[in-house]
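A short write-up of the structure that comes next.
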Amino acid sequence: MAKGSARLEIKREKLRALSPLEEPRSPAELRVRQLRARDLLRGDLEGPALERHVTESVLTTTLDRAMRWGRANSIFPATFGLACCAIEMMSIVSPRYDIARFGAENMRASPRQADMLILSGRVAIKMAPVIRRLYDQMLEPKWVIAMGACSSSGGMFANYAVVQGADKFMPVDIHVPGCPPRPEALVYGFNKLQRMILGNPDSGWRRRYNAIGTEEWARPATGSASMEEAEAYAAARELSVAHDAELAGESG
Amino acid sequence: MPDAPGLELIAHDLDETAAGSVLGTYYEHGQACLIVDPERILDLLRWLRDTPGQEYRFLASLHGVDYLPAEPRFGVVYELLNMPRVERLRVRAALADPGGDPSEPGRPRSRGRGDDRLPEIDSCVSLFPTAEFHEREVYDFFGIVFRGHPDLRRILMPEDYVGWPQRRDFPVGGEPVIFTHNEREVPRWYE
């Protein structure tokens, strides 16, 4: 370039049109695609050009699936602690466990702005109506995680003051075992909830661990089982295996 | 803390003031305890609070005990404190259960369900205002009625709760959980 010039060199060359789904190989080709998108927004694209643009730049899905995806990845938990599990629950929003990775870091202080309730601790009989009211005030759709042994089953508090499992008075979607569960466990339970919202409840662990037929209802009775009992269990086991094969056929 | 002779002196003085009100004394682990007649409890507490030389002006705690199957069954325990001398004195009112079965001593009839006659004792709120919540708690858990209490109702359990849950004959509650060691006895929920 000549000394004292504007230091700008202009090169003109003809650009080829990209075929659909082709990666742009240079910034210039990307620029062409961007210009075409601008034309589309202005309404200048028509006919085959429009069709090609749509196939290469728009992701189509069903409305239902898109809604579930949005719900699963933008959950607002209620700020609600019951007992010692609440300490573990609080740390899931900390940088160490960081539930913001899954879009649920925004804990709302009002049930009317929340759509997930974490029952973090034992539920006293005096607290049960309060929790039920909070749950009823939450927005639809709403989900509940019973965190720890106490809210799942009463845990160690088998006494007069504690409800033996929160699902006696409200629906519970996920039970996280532990006393208290580590924050990782709660995050894992939350991921399970997300998959449940997405329509994939992850029921295939028996297949993964090669444990088909070990369901409680398909387990042979030990000890003094009669012939009829043994036959009933064998039939149940066959049913279980057949059911699993059916599931495998659906997903595969 | 009054030592063992000191406790006997207090019991002696009390017996001179109100004869027959002290049923016994008890000194163990450096703690002094007077066992007294529940009908005279208000006079005794007033004497311990106001008599020069005693002056147990602070009620540190008030609680109930169920000694089933011993008789008398209940105890209402007052923990008194003299702050200048830092001396503590325990007063225990031995309270019989009017709902118990008279033909079989020690055998409860009430089963803690609250459908029988309840033991009664005078409230000491007029002497120690702090006793108000303590007496409500004792009423809540043991079903002991404090006569003259300004607002005697449940304090911790729900207001519509039936029964006196800290009585020893109250069922523990909970429900059986199936484990491998008891799966033959517990009903199989999955069947």
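Numbers for the structure displayed
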read-out: Value of [θ]222 nm, deg cm²/dmol, for chain B, DSSP H segments ≥ 4, -39500 (n - 2.57) each, nearest 500; value: -6000 deg cm²/dmol
read-out: Inter-chain Cβ neighbour average for residues B:151-162, partner chain, 10 Å; value: 2
read-out: Peptide ranges A:226-232, A:119-125, B:124-130 listed from the most packed, as the mean C-beta count within 10 angstrom indicates; value: A:119-125, B:124-130, A:226-232
read-out: Per-residue mean of C-beta atoms belonging to partner chains within 10 Å, peptide A:149-160; value: 3
read-out: Quarter of Cα convex hull surface for region B:1-75, i.e. mean projection, nm²; value: 5.4 nm²
read-out: Hz values of 3J(HN,Hα) by residue in region B:18-32 - Karplus curve (6.51, -1.76, 1.60), Gly and Pro given as x; value: 10, 5, x, 7, 9, 8, x, 10, 7, 9, 8, 6, x, 10, 9
read-out: Scaled radius of gyration (Cα, divided by 2.2 N^0.38 Å) that region A:49-113 gives; value: 1.70
read-out: Rg/Rh for region A:69-157, where both radii come from Cα atoms and Rh is the Kirkwood radius; value: 0.97
read-out: Hydrodynamic radius (Kirkwood) for chain B, which is based on Cα pairs only, to one decimal in Å; value: 18.4 Å
read-out: Nearest 10 degrees, 0 to 90: helix B:41-50 Cα axis against chain B principal axis; value: 40 degrees
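Just so you know, all these numbers are worked out from the coordinates, no wet-lab data involved. Keep in mind that what you see is a predicted model, and the values were worked out from it rather than measured. Note that we place each Cβ from the backbone using ideal geometry, even for glycine, and neighbour counts take in every protein chain shown.
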